[in-house]
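A.B. asks: I am attaching a structure below and will ask some questions about it afterwards.
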Amino acid sequence: MDGKAIFLLRRKRTIRVAIILLGVALTVILISLNTGTIRLSPTSVLKALIGYGTAEESMILYEYRLPRIIITMLAGAGLGIAGAVFQGVSRNTLADPGILGINAGAAFGLIAYISFFRSLDGPAALMIPLFTFAGGAVIALVIFLFAYDRYRGLLPIRLILVGIAVSAGVSAMTLLLSLRLDEDTYAFAARWLAGSVWSRDWVNVWGLFPWIVVLIPIIYYRSATLDLFTLGDETAASLGSAVTRSRLILLALAVALSCASVSMAGGIGFIGLAAPHIAKRLVGPQHRHFLPIAAMTGLVILVAADTIGRSLFHPNAVPAGVVVAAVGGPYFLYLLFTTK
Amino acid sequence: MMKKWCGTLAIILCIGILSACGGQASEAVNTSASSSSAQETGDSGKAGEKDSVTQVDPNAKIASMSIHMTNNLLALGIKPAGSAIGGGVGDFLPHVAHLLEGSAKLGVVGDSDMEAVLGLKPDYIFIDEHFGGEERSKLEKIAPVVSTNLDEGTWRDHLKRVAAVVGRDKEAEAFIKEYEEKADRVSKLIASELGEGATAMAIRVSAKEIRVQSAGRPVGPIMFQDLKLKPANGVEKISASEPYAVISKEVLPDFDADAIFLIVNNDDNAKKVYAELENNPLWKNLKAVKNNHVYTLDGQKWLDYSSLGQSMAMDDAEQLFTK
């Protein structure tokens, strides 16, 4: 079989997997829309969605349920893609915004934000992604400087190790800052760190939306570069890729994407690791195929986790991050052990 | 290639900076608005300027989004149709649960279950700015909102404010009068037991730490004003705007309190911590412990800074000091 045939086969498989995932995603979203204190029948949900529901039904859907679901959709997709880029750039399948310390930086940015502004409602919410991005970007820069070698460029393995070290340091600083907060704000910060989807309003959706819809296409457009990285730096360079510069750009994009996602959805770490792995197993290693699948997998995981989290132990909701870790962890282990 | 990417990055940066500026501007507006409203409320000394309703039929269907509010309503003999629940217990607080039988549960305080509120179809929603303030705009879409603010005034003021809205001023006055009489009685009991001008401190033992309660909310006012105890050495140093300070048990003797009011959290780990503390020589040698002047409080009532909670705490104190 020649290369072209393999490529066509892969593409066919990708389309098939994408259709199945789309179905799964739609199902999960519909279930999520049906989950809440007030029982709405699926038909009345659909009716309200297209504008034929009662005032009460459409209020429940549009004011309470939909914004939160859209946020989990956007954040899940963002985290999935960000994780895929981190893994591609560092050529390490362990890379993930959580492990690299980006989430720790974002958390630091968020705590700094609530220490100074104290308000999380209204238009101020649009600022939160900027603060988490600033925090994440500073951490990424520090990690980058430490992992950069003047002669050999960015060293992928050092990237991870430095990331783990820096993230430990930043977490300590975040903890220190958060201890100075008053009780209510501290409780919020702790919930955020555990990955609780705190944002419930359309303003939060609008805070997150531009980041996701701008960054994901740009990253997708660069997916061929990610493929080159897998060949090793020398090969990639000889094939005409400006390795360090592309790596930098992609890293910056991924940092922005993951920081924006966690700003609204809380410090959810595991999706960035698991979604690309699952996607890769489903459609193979070519980024142009598996990036969309990783996004959809991330979306499905986060929407499902948040739905489970807010319904299972009602009235006390469990943070989505905890559900992701509790359900995703064992499943991930199972995946690792059942495939060679 | 390089140029193109520099261009893209520049655009992203621009978007970022632009949205940052926009955000900051609105943030500035936001803070100035909130500070001016704070001044206004400071001037008039009353909460609820934003409320659209000033009179509520006490028999109307009322949803209460704060535990303090719920208990103030109960003190006035009004059972809300639905109420927020305590996050720790995930239910109505145990000391008032029997009064709320049949009321709907509207989610944990500060994180209201909007769907439950909507489903209740209340005529009015009562909130406390200190807890559900940020949810106000959402609640206003469901029903008119009446608010108090825990940070302004004492529980007496909150009770009077609610009473004025539901037209039960007399009941509020009677409630407060009864409380003051009780406080008089109990403070005399305490004085005869501990002597005039005895010093006291309140200690709360949780699974993780030992706390000394401040002279502020929730237990400060009842102990040091209503029961006329004197704050033990160092209690005054804890900021009254904080409910408590965490201490290490080594400094307990420094407080040199004549009496210790003790709250042990209602979980096994906290009880274990207290059992260890009880056997510690440091504890055994405290003046209050040696003189048998340690009083274990019903924490739910004492920590509930609402009219009903404080009144129940006063009853608890009367029992503790009646022999």
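A.B. asks: Quickly run through the range B:232-256 and pick out the residues that are β-branched (Val, Ile, Thr) and under 21 Å from B:HIS293 (Cα atoms). Break it down into steps so the answer makes sense when it comes.
C.D. replies: So in the range B:232-256, the residues β-branched (Val, Ile, Thr) come out as B:235, B:238, B:246-247, B:251.
Of everything in the range B:232-256, those that are β-branched (Val, Ile, Thr) and under 21 Å from B:HIS293 (Cα atoms) turn out to be B:VAL235, B:ILE247, B:VAL251.
A.B. asks: Tell me, please, whether a residue that is outside any helix (DSSP H, G or I) and farther than 22 Å from A:TRP202 by Cα can be found in the range A:78-91. Please lay out each step first, then the result.
C.D. replies: Going through the range A:78-91, the residues outside any helix (DSSP H, G or I) turn out to be A:91.
Going one step further and asking which of them are farther than 22 Å from A:TRP202 by Cα, we end up with A:91.
Scanning the range A:78-91 turns up at least one residue that is outside any helix (DSSP H, G or I) and farther than 22 Å from A:TRP202 by Cα.
A.B. asks: Please work out if A:ILE293 is crowded, with 23+ Cβ neighbours inside 10 Å, closer than 24 Å to A:GLY105 by Cα and among the β-branched types (Val, Ile, Thr).
C.D. replies: Details: crowded, with 23+ Cβ neighbours inside 10 Å: yes; closer than 24 Å to A:GLY105 by Cα: no; among the β-branched types (Val, Ile, Thr): yes.
Judged against the criteria, A:ILE293 is not a match.
A.B. asks: OK, next. Go through the range A:39-68 and give me each residue that's in a helix (DSSP H, G or I), within 14 Å of chain B (Cβ to nearest Cβ) and aliphatic (A, V, I, L, M). Spell out how you get there, then give the answer.
C.D. replies: Keep residues of the range A:39-68 that are in a helix (DSSP H, G or I), which gives A:42-49, A:55-68.
Next cut, within 14 Å of chain B (Cβ to nearest Cβ) only: A:44-45, A:48, A:55-68.
Once the filter is applied, which keeps residues that are in a helix (DSSP H, G or I), within 14 Å of chain B (Cβ to nearest Cβ) and aliphatic (A, V, I, L, M), the range A:39-68 yields A:VAL45, A:ALA48, A:ALA55, A:MET59, A:ILE60, A:LEU61, A:LEU66.
A.B. asks: Taking the range B:221-252, which residues are over 19 Å from the mean Cα position of the chain (by Cα), over 16 Å from B:ARG204 (Cα atoms) and not in a loop (DSSP other than H, G, I, E, B)?
C.D. replies: Listed by number, the list holds a single entry, B:LYS230.
A.B. asks: Okay, moving on. When only residues in the range A:178-191 that are in contact with a helix residue (DSSP H, G or I) (Cβ under 9 Å, 6 or more places away or on another chain), within 13 Å of another protein chain (Cβ to nearest Cβ) and in a helix (DSSP H, G or I) count, which is nearest to A:ILE71 (Cα to Cα)?
C.D. replies: Step one: of the range A:178-191, the residues in contact with a helix residue (DSSP H, G or I) (Cβ under 9 Å, 6 or more places away or on another chain) are A:178-181, A:184-186, A:188-190.
Now drop any that are not within 13 Å of another protein chain (Cβ to nearest Cβ), which leaves A:179-181, A:184-186, A:188, A:190.
After this cut, where a residue has to be in a helix (DSSP H, G or I) as well, the list is A:179, A:184-186, A:188, A:190.
Working: A:LEU179: 28, A:ASP184: 23, A:THR185: 22, A:TYR186: 23, A:PHE188: 18, A:ALA190: 20 Å.
Among those that are in contact with a helix residue (DSSP H, G or I) (Cβ under 9 Å, 6 or more places away or on another chain), within 13 Å of another protein chain (Cβ to nearest Cβ) and in a helix (DSSP H, G or I), it is A:PHE188.
A.B. asks: Among (1) charged (D, E, K, R); (2) buried (at least 24 other Cβ atoms within 10 Å of the Cβ); (3) closer than 22 Å to A:PHE188 by Cβ, there is one condition A:GLU63 misses while meeting the rest; what is its number?
C.D. replies: Every condition holds for A:GLU63 apart from (2).
A.B. asks: Let me ask something else. Quick one: which of A:PHE108, A:PHE133 is within 14 Å of another protein chain (Cβ to nearest Cβ) and within 30 Å of A:SER246 (Cβ to Cβ)?
C.D. replies: Numbers: A:PHE108 fails: within 14 Å of another protein chain (Cβ to nearest Cβ).
Testing whether each residue is within 14 Å of another protein chain (Cβ to nearest Cβ) and within 30 Å of A:SER246 (Cβ to Cβ) leaves just A:PHE133.
A.B. asks: Does B:ALA202 satisfy the condition of being of a type in the set (Gly, Ala, Ser) and at pLDDT 90 or above?
C.D. replies: Details: of a type in the set (Gly, Ala, Ser): yes; at pLDDT 90 or above: yes.
So B:ALA202 passes the test.
A.B. asks: For the range A:160-172, enumerate the residues that are among the hydrophobic types (A, V, I, L, M, F, W, C) and under 10 Å from A:ALA107 (Cβ atoms). Lay out the reasoning, then the answer.
C.D. replies: Taking the range A:160-172 and keeping what is among the hydrophobic types (A, V, I, L, M, F, W, C), we get A:160-162, A:164-166, A:168, A:170, A:172.
Of everything in the range A:160-172, just one residue is among the hydrophobic types (A, V, I, L, M, F, W, C) and under 10 Å from A:ALA107 (Cβ atoms), namely A:VAL170.
A.B. asks: Among the residues of the range A:92-107, what is the count of those that are surrounded by fewer than 24 Cβ atoms within 10 Å (Cβ to Cβ) and either assigned to a helix (DSSP H, G or I) or not aliphatic (A, V, I, L, M) (or both)?
C.D. replies: Counting residues in the range A:92-107 that are surrounded by fewer than 24 Cβ atoms within 10 Å (Cβ to Cβ) and either assigned to a helix (DSSP H, G or I) or not aliphatic (A, V, I, L, M) (or both) gives 2.
A.B. asks: Could I ask something else about it? State all residues of the range A:141-177 that are closer than 11 Å to A:GLY101 by Cβ and either within 14 Å of another protein chain (Cβ to nearest Cβ) or touching a Ser or Thr at 6+ places or on another chain (Cβ under 7 Å) (or both); if no residue qualifies, say none.
C.D. replies: Within the range A:141-177, A:LEU159, A:ILE160 meet the criteria.
A.B. asks: Out of the helices (runs of 4 or more DSSP H) lying entirely within the range B:131-209, which hold 3 or more residues that are surrounded by fewer than 16 Cβ atoms within 10 Å (Cβ to Cβ)? Give the derivation first.
C.D. replies: Values: elements: B:136-140, B:155-166, B:169-194.
The helices (runs of 4 or more DSSP H) meeting that bar are B:169-194.
A.B. asks: Any residue in the range A:227-249 that is more than 19 Å from A:ALA82 (Cβ to Cβ) and free of Cβ contacts under 8 Å to residues at least 40 places away in the same chain sitting within a Cβ distance under 7 Å of a residue that is assigned to a helix (DSSP H, G or I) and not aliphatic (A, V, I, L, M)? List the pairs, counting only those 6 or more apart or interchain.
C.D. replies: A:ALA236/A:PHE229; A:SER241/A:THR225
A.B. asks: Can I ask one more? Scan the range B:241-270 and report the pairs whose first residue is under 20 Å from B:GLY88 (Cα atoms) and whose second residue is assigned to a helix (DSSP H, G or I) and aliphatic (A, V, I, L, M), with Cβ atoms within less than 7 Å and a gap of 6+ or a chain change.
C.D. replies: Sorted first by the residue in the range B:241-270, then by its partner, the pairs are B:VAL264/B:ALA270.
A.B. asks: Another question about this same structure. Can you name the residue in the range A:85-109 that is of a type in the set (Val, Ile, Thr) and under 15 Å from A:GLY232 (Cα atoms) and is also modelled with the highest pLDDT among such residues?
C.D. replies: Start the filter on the range A:85-109 by keeping residues that are of a type in the set (Val, Ile, Thr), which leaves A:85, A:89, A:93, A:99, A:102.
Remaining after also requiring under 15 Å from A:GLY232 (Cα atoms): A:89, A:93.
Working: A:VAL89: 84, A:THR93: 78.
The qualifying residue modelled with the highest pLDDT is A:VAL89.
A.B. asks: For the range B:99-116, name all the residues that are β-branched (Val, Ile, Thr) and at the interface with chain A (Cβ under 10 Å from one of its Cβ atoms).
C.D. replies: First pass over the range B:99-116, keeping only residues β-branched (Val, Ile, Thr): B:108-109.
Once the filter is applied, which keeps residues that are β-branched (Val, Ile, Thr) and at the interface with chain A (Cβ under 10 Å from one of its Cβ atoms), the range B:99-116 yields only B:VAL108.
A.B. asks: I would also like to ask the following. Could you name every one of the helices (runs of 4 or more DSSP H) located completely within the range A:193-308 that has at least 1 residues being more than 21 Å from A:GLY328 (Cβ to Cβ)?
C.D. replies: On the way: elements: A:202-221, A:223-229, A:233-238, A:243-265, A:270-283.
So the answer is A:202-221, A:223-229, A:233-238, A:243-265.
Yes/no matrix, rows are residues, columns are (1) away from chain B (no Cβ under 14 Å); (2) of a type outside the set (Gly, Ala, Ser):
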site: A:LEU273; (1), (2): yes, yes
site: A:PRO292; (1), (2): yes, yes
site: A:VAL300; (1), (2): yes, yes
site: A:VAL303; (1), (2): yes, yes
site: A:ILE308; (1), (2): yes, yes
site: A:HIS314; (1), (2): no, yes
site: A:ALA317; (1), (2): no, no
site: A:THR338; (1), (2): yes, yes
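A.B. asks: If you don't mind, another one. Can you tell me which residue within the range B:70-98, out of those that are among the aliphatic types (A, V, I, L, M), outside any loop (DSSP other than H, G, I, E, B) and free of Cβ contacts under 8 Å to residues at least 40 places away in the same chain, is farthest from the other protein chains (Cβ to nearest Cβ)?
C.D. replies: Step one: of the range B:70-98, the residues among the aliphatic types (A, V, I, L, M) are B:73-76, B:78, B:81, B:84-85, B:89, B:93, B:96-97.
Filter once more, so that each one left must be outside any loop (DSSP other than H, G, I, E, B): B:73-75, B:84-85, B:97.
Restricting the remaining residues to those that are free of Cβ contacts under 8 Å to residues at least 40 places away in the same chain gives B:85, B:97.
Details: B:ILE85: 7, B:ALA97: 15 Å.
Top of the filtered list is B:ALA97.
A.B. asks: Looking only at the range B:258-300, filter to residues that are closer than 14 Å to B:ALA232 by Cα and either over 25 Å from the mean Cα position of the chain (by Cα) or basic (Lys, Arg) (or both); which one of those is surrounded by the most Cβ atoms within 10 Å (Cβ to Cβ)?
C.D. replies: Among those residues, the one meeting the criterion is B:ALA288.
A.B. asks: Somewhere in the range A:200-210, is a residue farther than 27 Å from A:ILE20 by Cβ, of a type in the set (S, T, N, Q) and at pLDDT below 80?
C.D. replies: no
The values are calculated or read from the model by the stated rules, or taken from the named source; none is laboratory data. Model, not experiment: these values are computed from the prediction. All Cβ positions, glycine included, derive from the backbone under ideal geometry; neighbour counts span all protein chains shown.
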